[in-house]
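Report on one structure; see the data block that follows.
All of the numbers you see were taken from the coordinates with simple rules; none came from a lab. Please read all numbers here as calculations on a predicted model, not as lab measurements. Positions of Cβ are backbone-derived with ideal geometry, glycine not excepted, and every protein chain shown enters the neighbour counts.
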Amino acid sequence: MYLITGGLGFIGFNFVKLCLKKKIKFVVLDAGTYAANDKIKFLKASSVKFYKTRIGNKGKVTKILQKYQIKAIINFAAETHVDNSISNPSIFIKTNIIEFYNLLQTSKIFFNKLSKNDKKNFRFLNISTDETFGSLRSNEKKFTEKSKFYPNNPYSASKSAGDLIARAWCKTFDLPIITTNCSNNYGRYQNIEKLIPKIITNALSNLAIPIYGDGKNTRDWIHVEDHCLAIYKIVRSGKVGQTYNIGGSNEIQNIKLAKLICKILDNIYPKKDKSSYTTQIKFVSDRKAHDHRYAINSKKIKTELNWRTKIKFNEGIKDTVQFYMNHLIKKI
Ligand SMILES: NC(=O)c1ccc[n+]([C@@H]2O[C@H](COP(=O)([O-])OP(=O)(O)OC[C@H]3O[C@@H](n4cnc5c(N)ncnc54)[C@H](O)[C@@H]3O)[C@@H](O)[C@H]2O)c1
């Protein structure tokens, strides 16, 4: 039985859907912050056990670990929006460092009481981000597992701290932790504060589509379902104490991405006045300490675990646009 923490968030909920498809038994825990998907009815209909609680709640988490004799914890619970981390860093320190530490401690105490055999099979997956590695120049080599941490904003700093604490809990206390550092995800169920859903929803709501700086910041986009398949492989066959980089090998400048999404919308939902959605794109003052480029070298997970991305960006992005369009039009 898996414990999926942060299972109502973007990636966590996609992982829940993957587990349902693969008929894996699991329990979901989520604090239900603003970022959580409103999917309680879906979970109930699928007979999924759900606990609304925070990862820092040692008492409740211990009870869940014991009740279900959890074999793997996959932690997606985090504060994740860089802009929020600049305007209100304290919740990022609380959730991504202090509560994450509490979760490690609770897991360690539970783990220590397991039988020798159960210990051998237990896993703690620390889901992290490529933002820990900081920013690449246009001509620099992609991040590998050996890249150093150079976080530039409170979000990436808090995730880097979490990754380092996780490393120590594995080395010092033998908690079988594996950390993943993934590039930017896109797909269904992401909060509309994030770049891709924001471009789509602002375009359809006839609002300005804000693009930071000169729009040349580059991200390496991976479909969330490909990320979830990588996590699934790692929880089953990843090596304890290792880190795995996961990327889409799909670098795109923000401005090119915004234009591509606008063109898709021009085709599937043309504006009444026949103008292009690209006319709504507006450059705004740059984000502070805005990382220029992220790019992931995924050679390790490809060679060791035979993982590959399955979803082509052109298809995945069309599906994502359609998904948000359907949801928004239902609301209008
Ligand atoms: N979205 C990306 O592009 C991306 C890329 C790489 C790595 N990641 C990492 O993957 C993880 C999940 O990201 P996401 O995009 O799904 O995030 P998200 O913001 O969509 O969801 C986070 C979820 O965690 C829950 N949560 C927050 N604080 C909690 C707490 N204290 N206790 C329990 N639940 C809590 C929220 O309610 C929400 O449901 C994060 O660790 C993030 O750093 C995300």
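Counting only residues that are touching a strand residue (DSSP E or B) at 6+ places or on another chain (Cβ under 7 Å), under 30 Å from ARG236 (Cα atoms) and not aliphatic (A, V, I, L, M), how many does the range 252-311 have?
Looking only at that region, the number is 5.
Would it be correct to say that LYS159 is within 18 Å of the chain's Cα centre (by Cα) and among the basic types (Lys, Arg)?
yes
When the range 130-168 is examined, which residues are found to be closer than 23 Å to TYR2 by Cα and either buried (at least 22 other Cβ atoms within 10 Å of the Cβ) or of a type in the set (D, E, K, R) (or both)?
Selection gives LYS159, GLY162, ASP163, ALA166, ARG167.
Does the range 147-157 contain any residue that is under 30 Å from ALA258 (Cβ atoms) and within 11 Å of the ligand (Cβ to nearest atom)?
Scanning the range 147-157 turns up at least one residue that is under 30 Å from ALA258 (Cβ atoms) and within 11 Å of the ligand (Cβ to nearest atom).
Any idea how many residues of the range 275-332 are under 30 Å from GLY134 (Cβ atoms), among the β-branched types (Val, Ile, Thr) and touching a residue at least 12 places away in the same chain (Cβ under 8 Å)?
8
Of the residues that make up the range 65-80, is at least one out of contact with any strand residue (DSSP E or B) (no Cβ under 7 Å at 6 or more places or on another chain) and closer than 16 Å to THR180 by Cα?
Within the range 65-80 (the criterion being out of contact with any strand residue (DSSP E or B) (no Cβ under 7 Å at 6 or more places or on another chain) and closer than 16 Å to THR180 by Cα), the answer is yes, since at least one residue qualifies.
For the range 119-127, indicate whether the set of residues that are within 16 Å of the ligand (Cβ to nearest atom) and without any contact (Cβ under 8 Å) to a residue 60 or more places away in the chain is non-empty.
The answer is yes; a qualifying residue exists.
Going through the range 77-124 one residue at a time, which ones are of a type in the set (Phe, Trp, Tyr), farther than 21 Å from LEU8 by Cβ and in contact with a Ser or Thr (Cβ under 8 Å, 6 or more places away or on another chain)?
Matches in the range 77-124: PHE110 only.
Select from the range 1-41 the residues that are out of contact with any strand residue (DSSP E or B) (no Cβ under 9 Å at 6 or more places or on another chain) and of a type in the set (Ser, Thr, Tyr) and write down the one among them that is nearest to GLU193 (Cα to Cα).
Per the stated criteria, the residue is TYR34.
Take the residues in the range 1-17 that are touching a helix residue (DSSP H, G or I) at 6+ places or on another chain (Cβ under 6 Å) and of a type in the set (Gly, Ala, Ser); name whichever of them is surrounded by the most Cβ atoms within 10 Å (Cβ to Cβ).
The extreme case among them is GLY7.
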